[in-house]
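The values are calculated or read from the model by the stated rules, or taken from the named source; none is laboratory data. This is a predicted model, so every value here is computed, not measured. Virtual Cβ from ideal backbone geometry, glycine too; neighbours counted across all protein chains shown.
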Amino acid sequence: MKNFTYPPSPKTFNEEVLKPSKEFRLEAFKVVLSIFLFIAVYIVLILLSVGLAAVVSWLGVMLIILKPMFLTLMIGLGMIGLGLMVIYFLFKFIFSIKRVDRSGFIEINRKDFPEIYSFIERLANETQSPLPKKIYISQDVNASVFYDSSFLSMFFPVKKNLLIGLGFVNSVNLSEFKAVIAHEFGHFSQHSMKLGSYVFYVNRLIYNMLYDNQGYANAIDSWASISGYFQFFANLTVKIVQSIQWVLQKVYIVVNKTNLSLSRQMEHNADAVSAMVCGPEHLITALKRLEISGSCYNLLLNQYEKWIEQNLKPDNIYSHQSEIISHFAINNDMELEYGLPKVNDNGSSNFQQSRIVVKDQWSSHPSTVERERYLQTLGIEKTETVKESAWVLFNDPEKAQKLMTEKLFSVVKFKDDAVATLNLEKFKELYYEEFNKHTYNKEFKGFYNNRRITQFNTEELGADGKSIFTDFNQIYSTENCSIPKKLDAINSDIETLKTISAKEYNIKSFDFDGKKCSKSDVPNLLKDLESERAALQESLDKIDGEIFKFVCSKSNDADKTTITDLYKTYFRTYPESEVSLKNYTELSQTIAPIYHRNSSSKIVRIIADVKVIEKRIVQQIHEVLPEAKEQKYLDDKLMEKIDHYLSKDREYYDGSSFNNVELDVFNEAMVLFVNMMYSREFIIKKRLLQKQLDIVGGN
């Protein structure tokens, strides 16, 4: 067995933090009320259903007795069947078992993973939690406890299984690993948490009757198919069941809302258990790291979705994930610590965050910001960080990583058997080639990302020659480079406030800059934010102009002419991109109704309107296409698809049916057209910036 340092626990802590809070007790009370509401409604529905079944069954039997013949026999049996099927609908959940899909998991054992088992046993003892029944590993950036559930689970305890995602292991140090697993154990280490399991089953029960009805629908269909006589009673049963579901839907909203609210409190209590055995800071840093690594992992999977078309797969997706995490950290000026981004536990962030916090009543988890604030209020002392990677708990990390990678890609359908496997070096080569193709030079520190350069008069500014800037670093200072990010955050907050003001959010209050606000505060907040936005935009506009003046002042005559022409080309290009998007949006909205049921005459009118817009788009494509091919705005295969679309006038409807092949060609070409226009804008802007960098130099 490998040696590892078990992360220490706080020497002292206030046990009061583990007691249910006032907020928890209030939410628990609401949950109890919602459960009693469900029980009352459910009993009423059962009594009504039993009463209905008794009445229709008695009528059916009497009909058969009083008028014995084939017709009355079938009608009587249909009536009896109706009553029985309604009752069965209300009790079918008893026979339902909710099984967790384990197809993407690998069960591990003590023999092959002794360190994991040793660590989990020690942690379970610390948190006073039962040991998991089984331990599984998965590909995810997550850890969780799961179990199969049934109606009987409400009365008999069910042993839980622990699921450890290797993407999660790849993202944390040993202290953070302990903190996250302790949080999961915290859900089951306190008796006060058991109420949550009851409301979970009530939720599952109602959900089963509302949405998990395929088996019941099959039973109704089988019954109806026996005889045409039964078809009528089957349809009537469906109508009665739909009425029951309407009632249950209203109850489900109440129960689910209180359940989610309680769930958020349970998350805080589980966080307290984690802090008790680890200290609060490790869960905080783990949550921040997992947000980063989760995004990086999704980026990696998206990249491989594209590469699958080229018959490429990874030999070890976790070494590739680590590379993207490191790249992310470097690009965002974050230090690396044991290969992981260095994050802090003091509430600060490398990223511009929203200043608005709206509690989402339909979320089962508090936000990371809320959890961080809660953990910092517990008053539990910090502990020493064990900075070793969590992989130290694995005898052979690479073997586990490659095994899970193979399992993850075993379900992928490649074009043929000639699949190439990318090792880390080959992955880096392809990834950075792709990345550099779609990003600006890192010397600009993200100053130009996700925005357009402010348009100005190049002749006037170029003739001025006097810039407020004296060197490159002064231009791309931390303060200047933060302005676009601040503008993005303010724009997002303004839209959120407008949504709140329009009553699209059913909320009573929200936090702004840490202060409690109500809807009546929105107008003043909007006014303040719009003033801030105007000031920031003015500063950014000025900086863009001053950069051009600075570059011109450093240029010889030839370079000055070149950079001026590049700016003019760029300023001409992005309005054309906007026109392409406007045309595409109009086209999408115009053609959308054909995918619904319409009369033939209406479809003909819609297609005629589409043709008018299509003509404008085709004209724009012809204007740009020679340049696009020369400058490689799209790769050759995509350009071939545009050429194929342009090769003839296409008919999409013949008066009675759609030509789906032609519609597919059309739809793909329209998307490629917009992509081509924005690729054109990006490439021209990138060339402009690179020339700018060549003239003035960087670091």
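Worth pointing out:
- Pick from region 685-694, criterion of a type outside the set (Lys, Arg) and surrounded by 18 or more Cβ atoms within 10 Å (Cβ to Cβ), ranking: farthest from VAL579 (Cα to Cα): GLN692
- Pairing each residue of region 242-267 that is farther than 10 Å from ALA28 by Cα and at pLDDT below 85 with any residue that is aromatic (Phe, Trp, Tyr) and surrounded by fewer than 21 Cβ atoms within 10 Å (Cβ to Cβ), provided the two are 6+ apart or on different chains, yields C-beta distances under 7 Å for VAL251/PHE38; VAL255/PHE38; LEU260/TRP362.
- Whichever residue in region 1-30 is of a type outside the set (Val, Ile, Thr), modelled with pLDDT of 75 or more and assigned to a loop (DSSP other than H, G, I, E, B) and, among such residues, is surrounded by the most Cβ atoms within 10 Å (Cβ to Cβ): PRO7
- Single match in ILE35, ILE64, ILE75 (criterion: part of a helix (DSSP H, G or I) and under 18 Å from TYR252 (Cβ atoms)): ILE35
- Test: residue in region 57-65 that is closer than 30 Å to LYS387 by Cβ and exposed (fewer than 12 other Cβ atoms within 10 Å of the Cβ): no
- Which listed residue is outside the structural domain of THR562 (by TED's automatic domain parsing), in a helix (DSSP H, G or I) and under 14 Å from SER577 (Cα atoms), from SER601, SER679: SER679
- Test: SER227 is modelled with pLDDT under 90, more than 24 Å from the chain's Cα centre (by Cα) and of a type in the set (S, T, N, Q): yes
- SER520 part of a helix (DSSP H, G or I) and modelled with pLDDT of 95 or more: no
- Of all residues in region 643-664, those that are closer than 20 Å to GLN619 by Cα and without any contact (Cβ under 8 Å) to a residue 12 or more places away in the chain have Cβ atoms under 7 Å from Cβ atoms of residues that are in a helix (DSSP H, G or I) and of a type outside the set (Phe, Trp, Tyr), 6 or more apart or on another chain, in GLU651/GLU662.
- Per-region count, region 548-573, residues over 13 Å from GLN455 (Cα atoms) and in a helix (DSSP H, G or I): 13
- Residue pairs whose Cβ atoms lie under 6 Å apart, sitting 6 or more positions apart in sequence or on different chains, and linking a residue in region 282-307 that is closer than 20 Å to THR383 by Cα to a partner that is assigned to a helix (DSSP H, G or I) and among the β-branched types (Val, Ile, Thr), are ALA286/VAL180; LEU287/THR368.
- Being under 30 Å from LYS22 (Cα atoms) and modelled with pLDDT under 90 is a description that does not apply to SER349.
- Selection count where residues are under 33 Å from the mean Cα position of the chain (by Cα), farther than 30 Å from PHE447 by Cβ and of a type in the set (Gly, Ala, Ser), scope region 647-699: 1
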